[in-house]
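> What follows is a single structure, and I will ask about it in a moment.
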Amino acid sequence: MQWILRNDGIMPRRQAHVDIDDRGYQFGDGIYEVIRVYGGMPFLMQPHLERLRRSAREIGMALPWGDATLSARADELIAREALTDGILYIQVTRGVCPRLQVFPPEDVTPQITAYARAMPRPRAETINGLGACLVPDIRWLRCDIKSINLLPNMLARQKANENRCGEALQHREGIVTEGAFSNAFIVTDGIVRTHPADNLILAGITRAHILRLCGGLGISVVEEPFRVDDLRHAEEIFISSTASEVAPVIRLDDQPVADGSPGRVTRRLQAAFADTLPKG
Ligand code: PDD
């Protein structure tokens, strides 16, 4: 059975309903997090909760629960599903209120939805690598907020899918920002390069983890914008996300990346990443 948390209750999926007037449903007025569960344990839970809180703050919404409650409820969902490897999804919308183009009155309370679901680790793409295609970044200028508005991200990923690619790499004014659902990295002269964590990308939790791992491995990192041309001539390209972990990009728009096989730096980071996973 699948269990859904709706505010204070955990209920079977078929009993969980969304009100037509939910601001998330009407406006996409909400935020979310996806957290990996390995061996029954949430991975990097604290930074995910911090980012959820930040997203809420940035859209002027107060989270109804503190971290301890959120964490305890998440553990309950994982236990109910007897989950080993999967994801935890947490979404908070601004509440239920007849369609109003400004913030609702103060007595309207945010709505929390959460669930834990089995999802195998992305073994094929992390081992073999994936193809990526370039697409224009048509998103808004607050990509640092993990908003539930994912229309442009989904359109980009659909384009990738139609081109038999696993991810779309977005560019804005010649600068590579990030993947549709991942952060993007290149390796040039042995140095890892990635877009700075500003308003044009989501500050990925996996991204931050990788940058820490680079530090431990003595791999230099430059957090500066790089161009589409740098991407095309990179020694290595890889993406990171909660869902994709650290995945080599071996093909870009029908051209192989370097010799078309996963690069050495990417492999070192994958190994270091695997060493940090909880063993359940
Ligand atoms: N997406 N950038 C974008 C636009 C994303 O949607 C994601 C993750 C990331 C990587 O962030 P993190 O390492 O914290 O997962 C970067 C999640 C997995 C999703 O929407 O499914």
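> Report whether or not ASP275 is among the charged types (D, E, K, R) and under 22 Å from PRO136 (Cβ atoms).
No: the conditions fail for ASP275.
> Regarding ALA203, is this residue near the ligand (Cβ under 9 Å from one of its atoms), more than 16 Å from ALA243 (Cβ to Cβ) and not polar (S, T, N, Q)?
For ALA203, the condition - near the ligand (Cβ under 9 Å from one of its atoms), more than 16 Å from ALA243 (Cβ to Cβ) and not polar (S, T, N, Q) - is met.
Residues are listed down the side, and each one gets a yes or a no for (1) open to solvent by 20 Å² or more (accessible area, probe 1.4 Å); (2) part of a strand (DSSP E or B):
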position	(1), (2)
ALA203	yes, no
ARG207	no, no
LEU213	yes, no
GLU224	yes, no
ASP230	yes, no
ALA234	no, no
ILE239	no, yes
VAL246	no, yes
VAL249	no, yes
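> Which members of the range 176-191 meet the condition of being away from the ligand (no atom under 15 Å from the Cβ) and open to solvent by 20 Å² or more (accessible area, probe 1.4 Å)?
Across the range 176-191, the qualifying residues are THR188, ASP189, GLY190, ILE191.
> To continue, here is another question. For the range 262-280, give me each residue that is surrounded by fewer than 14 Cβ atoms within 10 Å (Cβ to Cβ) and of a type in the set (S, T, N, Q).
Within the range 262-280, THR276 is the sole residue that qualifies.
> Do we have any residue at all in the range 87-97 that's β-branched (Val, Ile, Thr), more than 17 Å from the chain's Cα centre (by Cα), open to solvent by 40 Å² or more (accessible area, probe 1.4 Å) and over 19 Å from THR242 (Cα atoms)? Before you say what the answer is, go through the steps one by one.
Taking the range 87-97 and keeping what is β-branched (Val, Ile, Thr), we get 87, 90, 92-93, 96.
Narrowing the set further to residues that are more than 17 Å from the chain's Cα centre (by Cα) leaves 93, 96.
Next, from what is left, pick out any that are open to solvent by 40 Å² or more (accessible area, probe 1.4 Å): 96.
So of that shortlist, the ones also over 19 Å from THR242 (Cα atoms) come out as 96.
Yes, the conditions are met somewhere in the range 87-97.
> Then there's this: So which residues in the range 19-55 are among the small types (Gly, Ala, Ser) and either surrounded by 21 or more Cβ atoms within 10 Å (Cβ to Cβ) or in contact with a strand residue (DSSP E or B) (Cβ under 6 Å, 6 or more places away or on another chain) (or both), if there are any at all?
Listed by number, the residues that qualify are GLY24, GLY30, SER55.
The values are calculated or read from the model by the stated rules, or taken from the named source; none is laboratory data. None of these values were measured; they are calculated from a predicted model. As a convention, Cβ positions derive from the backbone with ideal geometry for all residues, glycine included, and neighbour counts pool all protein chains shown. These accessible areas exclude ligands, DNA and RNA; they are computed on the full protein's heavy atoms, side chains included. Shrake-Rupley method; radii C 1.70, N 1.55, O 1.52, S 1.80 Å.
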